[in-house]
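Notes follow the structure.
The values are calculated or read from the model by the stated rules, or taken from the named source; none is laboratory data. Here the structure is a predicted model, which is why all the values come from computation and not from measurement. Here the Cβ positions follow ideal geometry from the backbone for every residue, glycine too, while neighbour counts run over all protein chains shown. Accessible surface areas use protein heavy atoms only, side chains included; no ligands, DNA or RNA. Shrake-Rupley method; radii C 1.70, N 1.55, O 1.52, S 1.80 Å.
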Amino acid sequence: MLFVYPAVFHKEDDAYWVEFPDLEGCQTYGGTLNETMACAQEALAGYLLTLLEENRELVPPSDVSTVPSGGDSFVTLVTCDINQYQDTKAIKKTLTIPAWLNERAVSMGINFSQVLQEALMTKIQANRM
């Protein structure tokens, strides 16, 4: 599942560090801007996965236009896909759907597992807020 949060990138000397204003304590750094962005994506994923695993509330991301920065800092959005970090062990689930719905979805090439995973994550997030 894809998440997007605003982050403030700060330049100090010849390096960068980044913080997520919505996620207390979620920070990282890097030697180059590209390295710092990669580290920011990994830090964001790790932070969000920890919240999910501990059944803690996910804070909704702020509007990027409302996040302040100053000096040699700038605000940008950072994305992460937590699926690449989660336990990827799959389990089989049996479900029942109407025949007409199955036929329509199959004809459209819809991936049933992906749709179910996305729907479950959406439902879980909605119940936490």
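The figures follow:
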| quantity | calculated |
| --- | --- |
| Region 95-109 residues that are at negative phi, paired with ones that are polar (S, T, N, Q) and open to solvent by 60 Å² or more (accessible area, probe 1.4 Å) (beta carbon under 6 Å, 6 or more apart) | none |
| Residue match in region 3-16 (condition: at pLDDT below 95, in contact with a Ser or Thr (Cβ under 7 Å, 6 or more places away or on another chain), surrounded by fewer than 16 Cβ atoms within 10 Å (Cβ to Cβ) and under 30 Å from L116 (Cβ atoms)) | no |
| Any pair with Cβ under 6 angstrom, 6 or more apart, that starts in region 46-72 at a residue that is under 22 Å from W17 (Cβ atoms) and ends at one that is assigned to a helix (DSSP H, G or I) and among the aliphatic types (A, V, I, L, M) | L48/I82; L49/I82 |
| Any hit, region 89-109, residues being assigned to a helix (DSSP H, G or I), within 20 Å of E12 (Cα to Cα) and of a type in the set (D, E, K, R) | no |
| Pick from region 75-94, criterion over 19 Å from the mean Cα position of the chain (by Cα) and under 26 Å from L49 (Cβ atoms), ranking: modelled with the lowest pLDDT | K89 |
| Scope region 29-83; condition open to solvent by 30 Å² or more (accessible area, probe 1.4 Å), of a type in the set (A, V, I, L, M) and in contact with a strand residue (DSSP E or B) (Cβ under 8 Å, 6 or more places away or on another chain); matching residues | L33, M37, A38, V64, V75, L77 |
| Count of region 1-19 residues which are of a type in the set (A, V, I, L, M, F, W, C) and more than 26 Å from L120 (Cα to Cα) | 6 |
| Residue in region 59-70 that is under 19 Å from I124 (Cα atoms) and modelled with pLDDT under 95 present | yes |
